1. Pick from Gly66, Gly86: which is crowded, with 20+ Cβ neighbours inside 10 Å and not acidic (Asp, Glu)?
2. Looking at (1) among the aromatic types (Phe, Trp, Tyr); (2) loosely packed, with under 11 Cβ neighbours inside 10 Å; (3) at pLDDT 85 or above, which one does Trp251 not meet, given that it meets all the others?
3. Take the residues in the stretch 211-234 that are in a loop (DSSP other than H, G, I, E, B), under 21 Å from Arg74 (Cα atoms) and of a type in the set (A, V, I, L, M, F, W, C); name whichever of them is modelled with the highest pLDDT.
4. From the list Thr82, Thr36, exactly one residue is more than 14 Å from the chain's Cα centre (by Cα) and β-branched (Val, Ile, Thr). Which is it?
5. Give the residues of the stretch 170-201 that are farther than 18 Å from Cys122 by Cβ and in a helix (DSSP H, G or I), sorted by residue number.
6. Only residues in the stretch 232-243 that are surrounded by 10 or more Cβ atoms within 10 Å (Cβ to Cβ) count as the first member; pair them with residues that are not in a helix (DSSP H, G or I), Cβ under 6 angstrom, at least 6 apart or cross-chain, and list the lot.
7. Checking the condition on the phi > 0 side of the Ramachandran plot and of a type outside the set (Val, Ile, Thr), which residue from Lys57, Lys80 passes?
8. For the stretch 76-102, how many residues are touching a Pro at 6+ places or on another chain (Cβ under 6 Å) and at pLDDT below 85?
Amino acid sequence: MNGGARLRGRLRRLRPRTRPRYRGLSFNRLVPNILTMLGLCAGLTAIRVALDAQWEKAAVLIVVAGAIDGLDGRIARLLKGTSRFGAEFDSLSDFLCFGVAPALVLYMWSLHDAGGLGFAPCLLFAVCSALRLARFNASLVDAPALPLTGPPPKPAYAQNFFTGVPAPAGAGLALFPLFAALAFAEWDLPGLAAVARHPLVPGPLLVVVGGLMVSTLPTWSFKNFKVPAEYVLPLLLGIGAYVAVLLTEPWAALAGGGILYVSMLFFSVRSYRQLKREAEGLLEPVLVGGNGTAAAPRPPGDVA
């Protein structure tokens, strides 16, 4: 009996130990949510530093939140960590970082001089941001059991386009007067800086940008954007030049980026309409004969 017990003990010690299995999400699926949380903290901190009139820090933090927002979704797809929770969390973070924070920063920076009337554009901008994000969430089809949730799916040619100006780009356009004023102040041009800070500049701009966010204007998403081979080298040179300006004159580069984005809206609409015409041209009308068989379409001058 003792020999058998000793043998069983030795066999138990030689048995490989199994690692305990813990139930829960892998760390890869948490990385995008962590990035979204960091962006949310950046937006909240931007409001905090704006209360102390630290406009440069507030602008930088909103730009950082925009950079994080551009990364978290792509990283989630690379790590296969996309989820409905992540999409909802990202939308809530976007509303605060790109809807509330820019409006409050501009109000404390300039629009408070106009009193209660100066708060109206800020309120409208935040509402438009919320409506845009709600429309985006409604377009997410979570399950086939809910076929009527949100608008119908986009056609193939529209997959590379946003509907309206996205929230991060809208925040950048809204902060254009702040970027320009900071650039003019660095260039020792106080007159132009005062003009950019006047409530008549950021107020109407907030209204216009808010309207662009809730519009149906097709804008490039750059998700699957393909660059022709002959434009690769000029594009790389242009990006390198912009990064050089961004490092030396950051406020001028950010303001110039807003102007560049607005100029791209025209080309985005033209590209969308061209793709739509090409897609509609592929759909040839088919006439059905009296016996139920398909007949070839009649020539333009033929009479029945």
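The values are calculated or read from the model by the stated rules, or taken from the named source; none is laboratory data. Just so it is clear, the structure is predicted and the values come from calculations on it, not from any experiment. Please note: Cβ atoms are built from the backbone with ideal geometry, for glycine as well, and neighbour counts cover all protein chains shown.
1. Gly66
2. Against the list (1) among the aromatic types (Phe, Trp, Tyr); (2) loosely packed, with under 11 Cβ neighbours inside 10 Å; (3) at pLDDT 85 or above, Trp251 comes up short only on (2).
3. Val227
4. Thr82 is the lone residue from the list that is more than 14 Å from the chain's Cα centre (by Cα) and β-branched (Val, Ile, Thr).
5. Matches in the stretch 170-201: Ala180, Leu182, Ala183, Phe184, Ala185, Glu186, Pro190, Gly191, Leu192, Ala193, Ala194, Val195.
6. Leu235/Val227
7. Testing whether each residue is on the phi > 0 side of the Ramachandran plot and of a type outside the set (Val, Ile, Thr) leaves just Lys80.
8. The number of residues fulfilling the criteria is 3.
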